[in-house]
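Readers should treat all values here as calculations from the given coordinates under stated rules, not as data from a laboratory. Keep in mind that what you see is a predicted model, and the values were worked out from it rather than measured. Cβ coordinates were reconstructed from backbone atoms using ideal geometry, including for glycine residues, and neighbour counts include every protein chain displayed.
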Amino acid sequence: MTNDTYHIELKPIQFFCSSEETDEQHVDYLSHKIACDGTWTTPITCEIHTGIIMDGNHRYQVAKQLKLSLLPCILLSYQDNRVKVNYQNSDQPYDVKNIFEVILYQNKLLPYKTTKHHFSPLLPTVNFKLSLLKGL
């Protein structure tokens, strides 16, 4: 599936790599909402080569709770001019080399809400039935 500027793909859940710690209460809230809706509406953005999640760590945890086998995603590079990364609570640029260092080389997660990814243009929505994403 493609929109004007982003390509949506379905990837196996094993492809994705968490990047930040999450809030369990928010994961539970999203899990309940998504399960009740029966559809997945927001693609996860991730780094094209490593699967590091740019935006969607909570939704990734929801997918694991719901035992989904596929996830809609947008694969991007940190060199893509549509992607900007700042510290969560400021307009200061975040050094993306640190993301790779912490996650891939130190095998750790960034603290909760460390980064804020900005995408321009805005990301599209999707509409996938959970039964499809479960592989049923």
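Select from D37, D80, D28 the residue whose mean-square fluctuation is largest in a Gaussian network model of the chain (Cα-Cα springs shorter than 10 Å). Judging by the Gaussian network model, the answer is D80.
Shape index of the range 8-133: Rg/Rh, with Rg the Cα radius of gyration and Rh the Kirkwood radius from the inverse mean 1/r over Cα pairs, equals 0.95.
Length gained on full extension, H26 to Q92, computed as 0.36 nm times the residue gap minus the Cα-Cα distance: 21.2 nm.
Between the range 67-101 and the range 1-59, the C-alpha centres lie 12 angstrom from each other. Determine the percent antiparallel among the DSSP beta bridges restricted to the chain, to the nearest 5. Just about 75 percent of them are antiparallel. For the chain, the longest principal axis of the alpha carbon atoms and the long axis of helix 24-37 meet at an angle near 40°. Hydrodynamic estimate: the Kirkwood radius of the range 76-118 over Cα pairs, inserted into Stokes-Einstein at 10 °C and 1.306 mPa s, corresponds to D of 146 µm²/s. Of the trypsin sites (Lys or Arg not before Pro) in the range 72-136, the ones in a loop by DSSP (not H, G, I, E or B) with at most 13 other beta carbons within 10 Å are K108, K134.
Summarising the amide proton neighbourhood of T45: residues at separation of 5 or more, or on other chains, whose placed amide H is nearer than 5 Å comprise M54, D55, I74. In this rough spin-label picture, where each label sits 7 Å from Cα along the Cβ direction, the K33-S120 distance is 2.6 nm.
Provide the FRET efficiency to the nearest 0.05 for the Q65-L10 pair, computing r from the beta carbons and using R0 = 25 Å.
0.85
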